[in-house]
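So the structure is just underneath, and the comments pick up after that.
The values are calculated or read from the model by the stated rules, or taken from the named source; none is laboratory data. For clarity, every value in this text was computed on a predicted model and none was experimentally measured. Cβ atoms come from the backbone with ideal geometry, glycine included; neighbour counts cover every protein chain shown. With ligands, DNA and RNA removed, areas are computed over all heavy atoms of the protein, side chains included. Shrake-Rupley method; radii C 1.70, N 1.55, O 1.52, S 1.80 Å.
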Amino acid sequence: MSLTARVAHAQTPTVNSIVVQGNQRVEADTIRSYFRQGASGRLDAFQIDEGVKALYATGLFQDIQPSVQGGRLILTVVENPVINRIAFEGNKKVKDEQLKAEIQSKERGTLSRPVVQADTARLVEVYRRSGRFDIRVEPKIIELPNNRVDLVFEITEGGKTGVKTIEFVGNRAYSAYRLKDVIKTSETGILAFLQTADIFDPDRIEADRELLRRFYLKHGYIDVRVVSAVGEYDPNRRGFLITFTIEEGEQYRFGTVDVVSNVRALDAAMLRPRLRAFPGDIYNTEAVEKTVEDLTIEAAKRGYSFGTVRPSATRDAQARIVKLVFTVDEGQRAYIERINIRGNTRTRDYVVRREFDLSEGDAYNRALVNRAERRLKNLGYFKTVKISPEPGSASDRIILNVDVEEQSTGEFSVSGGYSTSDGFLAEVSIAERNLLGRGLYGKTAVQYGQYTKGIQVSFVEPYFLGYRIALGLDVNYKQQDATSYVSYATTTIGFGARLGFTLREDLSLQLRYSLYQQSVSIPDYLSNCNDINPSSASGTYPTAPNQGRIDPATGSAFTTNCWADGESSVAVKREIADGTKITSLVGYTLSYNTLDSNKGPTSGIMTELRQDLAGVGGDVNYVRTAADLYAYHQILPDLIGSLHLQGGIMGGWGGQNVRMLDDFKMGSNLVRGFATNGIGPRDMTQYPWTGSSGDALGGTRYWGASLEVQTPLYFLPKDAGITVAAYADAGSVWGYEGPTSNPATGEVLSGNICSTWQPGVTNRTPCAVDNAMHIRSSVGVGLIWNSPFGPLRFDYAIPLSKEPYDNVQQFKFGGGTKF
């Protein structure tokens with residue numbers, strides 16, 4: 001029976017007074033204020049009913065009983081108790097403070113049972129968001145004197161509920177293995193304790209649907225539909241089974257691509273060079289979006305700030321091509337009245353504003369706003385970025401609201417690694433990507449290893465002088481000890497500055513200047529033969545080193561073979577004799593990058609051209625040019641082919657030859673299967689005496705070519721992250737132009753610099769340096785493991801062509817991580 005019905009039978013023509021009973025904390029006058037007389041000047045059943053509802057809405061009362069007796073309205077109320085304390089029991093994974101922030105019930109507030117039930121549901125949702133679907137929350141109300149209570153939530157957290165299996169239905173063009181790389185969600189494996197993306201999260205699953213759709217659209221499947229993404233809990237496996245259902249459709253390519261301008265003074269021919277989509281290419285929705293953006297910006301540069309670009313597509317299903325027309329219209333005139341930056345508690349406003357290519361008072365352009373939002377997300381300063389427009393003070397005014405959520409930008413890392421050439425290496429670094437909230441980058445790193453010690457301090461200002469130019473400054477000290485591959489140690493201390501320009505999204509330029517001092521040292525036992533020439537005056541090798549020679553330290557004939565414990569090359573000793581040198585150089589790097597991913601590319605190319613000129617001051621003069629080209633192509637699903645071409649040339653100027661220290665020194669970085677500094681010109685005068693090849697001298701020219709295919713191991717779980725590779729390498733380094741004598745001791749590289757050399761041949765004119773362009777080649781296999789300890793790579797290569805004095809290293813291992 002309704003409240004109105006209950007009081008209707010007791011209604012009197014006039015209620016003279018209201019009597020309140022049972023209230024303890026709420027004043028009677030406060031309760032009476034909720035009952036107001038109607039137009040007739042009296043309280044009838046309707047007004048009483050409305051007053052009771054209003055009192056219930058305050059959340060202060062458990063029960064309200066109205067009755068009318070003798071012209072009086074008697075209200076008997078039972079107040080809600082006051083919450084004395086809120087406690088959580090059984091929670092280990094989530095702290096009390098975090099849980100209290102999620103609920104509506106508050107200490108010293110009134111207890112509302114509906115609110116408590118809502119709080120219980122919210123706590124369950126919090127745990128489910130962290131992947132714990134076995135969560136149970138039971139609220140307990142403990143009554144205390146004076147109508148007070150303690151509210152206790154008893155929590156049984158249960159185990160983490162992971163994603164046991166991810167399946168794809170309807171995928172033909174791409175394997176499930178490849179598609180798992182596209183999405184963020186991963187499967188729970190043996191390394192689950194190191195993962196977070198294996199926790200079931202409905203929001204992440206929905207985001208994965210969009211990632212899959214974007215992936216297919218980027219690769220020409222314009223009809224793709226990710227029909228569903230369903231997560232089903234399997235109680236037997238205590239985890240979720242995720243199933244993505246996909247309708248791929250057919251792959252399309254670009255047909256004709258054109259620009260049409262409806263703006264009279266804007267010639268379409270001037271806009272066509274900005275096209276990113278080309279006939280014959282696989283249809284790519286990102287290329288279409290970037291073309292819209294570029295055309296809009298180009299129109300704005302030519303004075304048409306309100307220009308809008310609209311792509312229209314005509315599909316030829318039989319030929320599987322899409323004809324595109326980008327139409328440029330005048331667009332509606334609207335101006336930006338104000339840009340509001342909200343949520344940036346640490347980052348300065350100007351750091352956010354400088355990512356916009358427009359400001360207050362400029363013409364509103366959605367393409368430029370989208371670009372600014374993308375830039376802000378790429379900064380890495382914020383968890384979320386959202387730019388939303390709203391109407392301004394006039395019909396042609398727009399206000400942009402930029403809502404951001406800050407995230408931690410400081411980094412402390414300890415990295416460690418080991419390689420067969422460099423030994424053990426550890427690094428401790430502290431970095432800040434948003435220094436002082438000004439968008440600056442600073443880093444200090446200390447290295448300590450088996451053969452390497454050093455420190456480096458770096459600073460980057462991404463907007464030098466207010467322009468989108470990155471200024472970087474580096475100060476470094478490095479000590480490289482002698483190894484089994486290099487007989488000498490170097491100490492380098494220097495300074496560097498660089499300016500980076502983004503010419504286009506796929507084209508960048510870096511200008512740099514370096515100033516450094518380098519000194520060389522060798523152990524005493526590697527220089528104890530420096531008073532002799534190991535060849536006889538006739539140009540033939542003596543049968544015994546030091547025979548008939550006088551040791552200047554004793555004045556007596558040598559009694560031991562000073563070559564037995566090894567000896568550094570004359571070229572190395574010459575560098576020591578010449579003393580510490582200062583190098584001052586300027587250079588640039590021009591990069592072109594269309595890779596689909598810098599971390600694990602499957603398509604696209606990346607090229608770099610590097611040139612340096614040493615001799616802008618300092619003691620060293622040379623010109624050095626080097627280039628690299630990387631090309632990736634998906635041969636078959638999950639079978640990725642890559643080609644790496646590289647080459648370089650350098651030469652001295654101003655009357656100087658290239659120093660031995662500055663030469664290109666190559667080994668496994670050019671042809672795998674060879675040791676560090678294992679190929680190229682070498683000091684051969686050491687061979688007869690030490691029984692091994694001598695110091696690598698390097699060369700002024702090199703080239704290399706590598707062909708590699710990679711594929712995952714399908715029988716292993718995806719999370720294992722293991723890929724196998726097969727490759728073939730070829731290359732050469734030659735053209736030594738460094739010193740051949742040491743005036744300080746009279747030593748020379750005896751014999752000729754020639755193009756042939758044979759070990760162990762006596763009574764002939766020795767060949768000091770084999771300077772010809774001999775091709776080295778190898779084939780091999782590799783195992784790449786993206787382990788929780790960082791990327792590790794194991795290579796085993798077999799040299800197919802080599803010189804007798806080359807240093808071979810068939811197995812090579814390297815890797816490291818940050819933690």
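When LEU212, LEU191, LEU179 are checked against the criterion of being of a type outside the set (Phe, Trp, Tyr) and at pLDDT below 80, a single residue qualifies: LEU191. Selection of the range 573-593 for residues being open to solvent by 60 Å² or more (accessible area, probe 1.4 Å) and part of a loop (DSSP other than H, G, I, E, B) yields ASP578, THR580.
If you go through the range 150-160 and keep only what is at pLDDT 85 or above and open to solvent by less than 50 Å² (accessible area, probe 1.4 Å), you end up with ASP150, LEU151, VAL152, PHE153, ILE155. The set of residues in the range 344-380 being in contact with a Leu (Cβ under 9 Å, 6 or more places away or on another chain) and in a helix (DSSP H, G or I) consists of VAL351, VAL352, ALA367, LEU368, VAL369, ALA372.
Those strands (runs of 3 or more DSSP E) of the range 28-99 in which at least 3 residues are open to solvent by less than 90 Å² (accessible area, probe 1.4 Å) and over 20 Å from LYS140 (Cβ atoms), considering only elements entirely within it, cover 61-69, 72-79.
Pairing each residue of the range 593-609 that is under 12 Å from TYR630 (Cβ atoms) with any residue that is open to solvent by 50 Å² or more (accessible area, probe 1.4 Å) and among the aliphatic types (A, V, I, L, M), provided the two are 6+ apart or on different chains, yields C-beta distances under 6 Å for THR594/ILE605; THR607/LEU629.
The single condition among (1) surrounded by fewer than 17 Cβ atoms within 10 Å (Cβ to Cβ); (2) of a type in the set (Ser, Thr, Tyr); (3) within 25 Å of ILE576 (Cβ to Cβ) that TYR488 does not satisfy is (1).
Scanning the range 629-674 for residues that are hydrophobic (A, V, I, L, M, F, W, C), under 31 Å from the mean Cα position of the chain (by Cα) and buried (at least 19 other Cβ atoms within 10 Å of the Cβ) yields a total of 5.
Only a single item in (1) open to solvent by 30 Å² or more (accessible area, probe 1.4 Å); (2) in contact (Cβ under 8 Å) with a residue 24 or more places away in the chain; (3) of a type in the set (A, V, I, L, M); (4) not in a helix (DSSP H, G or I) is not met by VAL163, and it is number (1). Evaluating ALA626 against the criteria (1) at pLDDT 95 or above; (2) open to solvent by 20 Å² or more (accessible area, probe 1.4 Å) leaves one unmet condition, (2).
Checking the condition farther than 23 Å from TYR283 by Cα, open to solvent by 30 Å² or more (accessible area, probe 1.4 Å) and touching a residue at least 24 places away in the same chain (Cβ under 8 Å), which residue from ARG204, ARG238, ARG209 passes?
That would be ARG238, the only listed residue that is farther than 23 Å from TYR283 by Cα, open to solvent by 30 Å² or more (accessible area, probe 1.4 Å) and touching a residue at least 24 places away in the same chain (Cβ under 8 Å).
Just one of the listed residues (SER668, SER692) is modelled with pLDDT under 85, part of a loop (DSSP other than H, G, I, E, B) and under 23 Å from PHE811 (Cα atoms), and it is SER692. For the range 770-792, give me each residue that is modelled with pLDDT of 75 or more and open to solvent by less than 60 Å² (accessible area, probe 1.4 Å). Residues satisfying the conditions are ASP770, ASN771, ALA772, HIS774, ARG776, SER777, SER778, VAL779, GLY780, GLY782, ILE784, LEU792. The set of residues in the range 351-398 being farther than 25 Å from GLY439 by Cα and of a type in the set (A, V, I, L, M) consists of ALA363, ALA394, ILE398. Within the range 467-494, residues that are within 15 Å of TYR448 (Cβ to Cβ) sit with their Cβ atoms under 6 Å from residues that are aliphatic (A, V, I, L, M) and open to solvent by 30 Å² or more (accessible area, probe 1.4 Å), at 6+ positions apart or across chains, in these pairs: TYR477/ILE455; TYR477/ILE493.
So is PHE133 open to solvent by less than 50 Å² (accessible area, probe 1.4 Å) and part of a loop (DSSP other than H, G, I, E, B) or not?
yes
I'd like to check something: does the range 260-273 contain any residue that is aliphatic (A, V, I, L, M) and touching a Pro at 6+ places or on another chain (Cβ under 9 Å)? No.
Only one of ARG122, ARG108 is out of contact with any Leu (no Cβ under 7 Å at 6 or more places or on another chain), open to solvent by 20 Å² or more (accessible area, probe 1.4 Å) and part of a loop (DSSP other than H, G, I, E, B). Can you tell me which?
Only one candidate passes the filter, namely ARG108.
The residues in the range 713-752 that are modelled with pLDDT under 85, surrounded by fewer than 21 Cβ atoms within 10 Å (Cβ to Cβ) and not β-branched (Val, Ile, Thr) can be counted, and the count is 15. On the given criteria, is ILE493 closer than 25 Å to LEU585 by Cα, at pLDDT 95 or above and in contact with a Phe, Trp or Tyr (Cβ under 8 Å, 6 or more places away or on another chain)? So ILE493 passes the test.
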